[in-house]
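Below is one structure, written out as structure tokens; the observations come after it.
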Amino acid sequence: MYGTIEDWRAYALARGDNAPTQASDTLATAALVRASDYIRFHYVEHFLPHCDASMPFVEEATYIAASLELATPGFFSTNIVPNEAIAEVAAGSARVKFRDGADPVAGAVPVVTMIDAMLAGCMPKDVQCIGIWAIGP
């Protein structure tokens, strides 16, 4: 789990959000664990070599995700049927985006613009362009 309940509550309170403070420790912990899973599997696992999970903005991004998870449990773990994917869904500051229409499953993962901005410097710019090419026999 990234961060702590106490630090998340302080982070949220400083931004005018008292929901984590009002939530029970059990509900807050569950939201923080789910948010940590989201950040780990959608961002940290794909970080470039110069970044790792110990960077302070990873915790901050997790706290943003945890607030969304607290408000809507399971927000980041929605299952979809690709051919029934909805064009856009919103919850607070998060929006579901379709990325180039090429992969509706990847495109249906909620994208939070603040989290994306925090972690952008650690993410590959275009993973489709990474590779080794050989010319000749």
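What order, most packed first, do the peptides 27-38, 55-66, 114-125 have when packing is the mean number of other Cβ atoms within 10 Å of each residue? Please report the intermediate quantities before stating the final value.
Working: 27-38: 20.2, 55-66: 22.1, 114-125: 14.8.
With the highest mean Cβ count within 10 Å placed first, the list reads 55-66, 27-38, 114-125.
Evaluate E = 1/(1 + (r/R0)^6) for THR113 and ARG40, where r is the Cβ-Cβ distance and R0 equals 25 Å; express this FRET efficiency to the nearest 0.05. Write out the running numbers ahead of the final one.
Numbers: r = 20 Å, r/R0 = 0.78.
That gives a FRET efficiency of 0.80.
Rounded to whole Hz and in sequence order, give me ³J(HN,Hα) for the stretch 42-58 from the Karplus expression 6.51 cos²θ - 1.76 cosθ + 1.60, θ = phi - 60°, writing x for Gly and Pro.
Coupling constants for the stretch 42-58: 9, 10, 4, 4, 10, 4, 5, x, 7, 10, 8, 5, 7, 5, x, 5, 5 Hz.
For the stretch 1-64, with every protein chain kept in place, what is the accessible area per residue (1.4 Å probe, Å²)?
Numbers: 3540 Å² over 64 residues.
I get 55 Å² per residue for this part.
The values are calculated or read from the model by the stated rules, or taken from the named source; none is laboratory data. The model shown is predicted, which means the values in this text are computed figures rather than measured ones. So basically every Cβ, Gly included, is an ideal-geometry build from the backbone, and we count neighbours across all protein chains shown. We work out accessible area using only protein heavy atoms, side chains counted, and drop any ligands, DNA or RNA first. Shrake-Rupley method; radii C 1.70, N 1.55, O 1.52, S 1.80 Å.
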